[in-house]
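Engineer: Below you'll find the structure I mean.
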Amino acid sequence: MGSSRGRGRPPKKVTQSTGSKHGDNTTSPATTTPVTTTTLVENETVITEKSLDKKETGSDEKGKREAEPKANNKWKQLQYVAPKINDGIIEVEIEEKDVESEIRFWENSLIMYVIGTNLSMNAMKNYMSRMWNFVALPDMYYNDEGYFILKFKNGDARDEVMMRGPYTFQNKPMILLEWRHDFTMAKDMLRSIPIWIKLPNLPLPMWGASSLGKIGSAVGIPLFTDECTAEKLRVSYARLLVEVDVTQKLCEEITIRDHEGKLRK
């Protein structure tokens with residue numbers, strides 16, 4: 001009469017093997033992880049305490065990862081930097097490296113406002129769609145002082161808009177200035193204004209960028225020539241865009257000493 005394992009029989013110890021039994025049809029070697037704890041065998045399924053711990057640990061780690069809040073990429077993490085104290089006054093020192101990335105962000109921008117009117121965002125977008133359809137339209141940023149910053153995709157698009165001016169909005173002059181980090185309406189409005197000047201009968205050898213820059217500097221800060229001057233499509237006069245301080249008297253005549261030493265007005 002064959003014997004059978006009773007309920008009270010202790011668990012059978014399983015010996016780990018590294019290969020198949022002699023004469024077994026299976027040729028693939030069996031590999032197992034060494035187990036230092038007691039192995040339980042039920043219905044030919046091997047369960048170890050180590051494998052149970054691994055499963056539970058993995059589940060816990062997954063739960064922890066899911067519980068962690070996701071970082072918001074739109075926020076900027078800030079760091080504490082101790083301020084300096086000079087004679088009891090707290091001073092915060094901003095270095096060039098602190099601002100260079102922000103200056104690069106705005107470097108292809110224009111400051112725009114219209115004298116004598118308040119602009120709405122929609123009105124300005126409609127205006128740009130009609131008048132500046134030759135470039136990719138800029139991003140718009142409104143300042144409560146009453147002006148817009150127009151951020152163009154690149155410097156070429158910004159310069160193209162400037163060269164095709166001047167512009168008016170509802171029959172009122174539109175002012176376009178290259179972005180400056182220190183611009184404020186209270187200080188700069190109706191003070192620094194770009195104007196187009198004509199140089200009639202300017203000798204053709206002086207139509208180069210270097211000569212025109214020097215001539216424009218006698219009036220203000222030279223910015224651009226128009227397209228006809230740059231491409232020499234019209235040679236009766238040169239036309240320059242110059243930023244001038246309107247609180248000062250504008251010169252009406254320029255004296256030029258040419259490359260041969262002759263004086264011209």
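The values are calculated or read from the model by the stated rules, or taken from the named source; none is laboratory data. On a predicted model such as this, the values are computed, not experimentally measured, just so you know. Cβ: placed from backbone, ideal geometry, glycine included. Neighbour counts: every protein chain shown. These area figures cover heavy atoms from the full protein model, side chains too; ligands, DNA and RNA do not enter into them. Shrake-Rupley method; radii C 1.70, N 1.55, O 1.52, S 1.80 Å.
Engineer: Given LYS198, LYS265, which one is out of contact with any Ser or Thr (no Cβ under 6 Å at 6 or more places or on another chain) and open to solvent by 80 Å² or more (accessible area, probe 1.4 Å)?
Structural biologist: Exactly one residue qualifies, and that residue is LYS198.
Engineer: Turning to a different aspect of this structure: I'd like the full set of residues that are part of a strand (DSSP E or B) and open to solvent by less than 100 Å² (accessible area, probe 1.4 Å), limited to the range 243-262.
Structural biologist: Hits for the range 243-262 are GLU243, VAL244, ASP245, ILE256.
Matching residues to (1) within 21 Å of MET128 (Cβ to Cβ); (2) not polar (S, T, N, Q):
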| residue | (1), (2) |
| --- | --- |
| LYS172 | yes, yes |
| ASP182 | no, yes |
| SER192 | no, no |
| SER217 | no, no |
| LEU241 | yes, yes |
| LYS265 | no, yes |
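Engineer: So, one more: In the range 207-230, what residues are loosely packed, with under 14 Cβ neighbours inside 10 Å and acidic (Asp, Glu)?
Structural biologist: Of everything in the range 207-230, just one residue is loosely packed, with under 14 Cβ neighbours inside 10 Å and acidic (Asp, Glu), namely GLU227.
Engineer: Find all pairs meeting these conditions: Cβ atoms under 8 angstrom apart; at least six residues apart or on different chains; first residue within the range 243-265 and closer than 18 Å to LEU204 by Cβ; second residue loosely packed, with under 10 Cβ neighbours inside 10 Å and of a type in the set (A, V, I, L, M).
Structural biologist: ILE256/LEU263; ARG257/LEU263
Engineer: Inside the range 143-180, can you point out the residues that are of a type in the set (A, V, I, L, M, F, W, C) and closer than 18 Å to ILE103 by Cβ?
Structural biologist: The initial filter retains those residues of the range 143-180 that are of a type in the set (A, V, I, L, M, F, W, C), namely 148-150, 152, 157, 161-163, 169, 174-177, 179.
If the condition is that a residue be of a type in the set (A, V, I, L, M, F, W, C) and closer than 18 Å to ILE103 by Cβ, then ILE149, LEU150, PHE152, LEU177, TRP179 are the ones that fit.
Engineer: Is there any pair with a first residue in the range 120-144 that is within 11 Å of PHE169 (Cβ to Cβ) and a second that is open to solvent by 60 Å² or more (accessible area, probe 1.4 Å) and at pLDDT below 90 whose Cβ atoms are under 9 Å apart and which are 6 or more apart or on different chains, and what are they?
Structural biologist: Once the first residue is within 11 Å of PHE169 (Cβ to Cβ) and sits in the range 120-144, its partners that are open to solvent by 60 Å² or more (accessible area, probe 1.4 Å) and at pLDDT below 90 give ALA123/GLN170; MET131/ARG164.
Engineer: If you don't mind, there's one more thing I want to ask. Answer yes or no: is there a residue in the range 231-242 that is crowded, with 17+ Cβ neighbours inside 10 Å, under 37 Å from the mean Cα position of the chain (by Cα) and in contact (Cβ under 8 Å) with a residue 60 or more places away in the chain.
Structural biologist: Yes; the residues of the range 231-242 include at least one that is crowded, with 17+ Cβ neighbours inside 10 Å, under 37 Å from the mean Cα position of the chain (by Cα) and in contact (Cβ under 8 Å) with a residue 60 or more places away in the chain.
Engineer: Do we have LEU212 as in contact (Cβ under 8 Å) with a residue 24 or more places away in the chain and in a helix (DSSP H, G or I) here?
Structural biologist: Against the criterion (in contact (Cβ under 8 Å) with a residue 24 or more places away in the chain and in a helix (DSSP H, G or I)), LEU212 qualifies.
Engineer: Something else: Can you find a residue that is among the small types (Gly, Ala, Ser) and either surrounded by 15 or more Cβ atoms within 10 Å (Cβ to Cβ) or within 25 Å of CYS228 (Cβ to Cβ) (or both) anywhere in the range 110-128?
Structural biologist: No, because not a single residue in the range 110-128 is among the small types (Gly, Ala, Ser) and either surrounded by 15 or more Cβ atoms within 10 Å (Cβ to Cβ) or within 25 Å of CYS228 (Cβ to Cβ) (or both).
Engineer: For the range 164-182, indicate whether the set of residues that are more than 30 Å from SER236 (Cβ to Cβ), open to solvent by less than 30 Å² (accessible area, probe 1.4 Å) and among the charged types (D, E, K, R) is non-empty.
Structural biologist: The answer is no; no qualifying residue exists.
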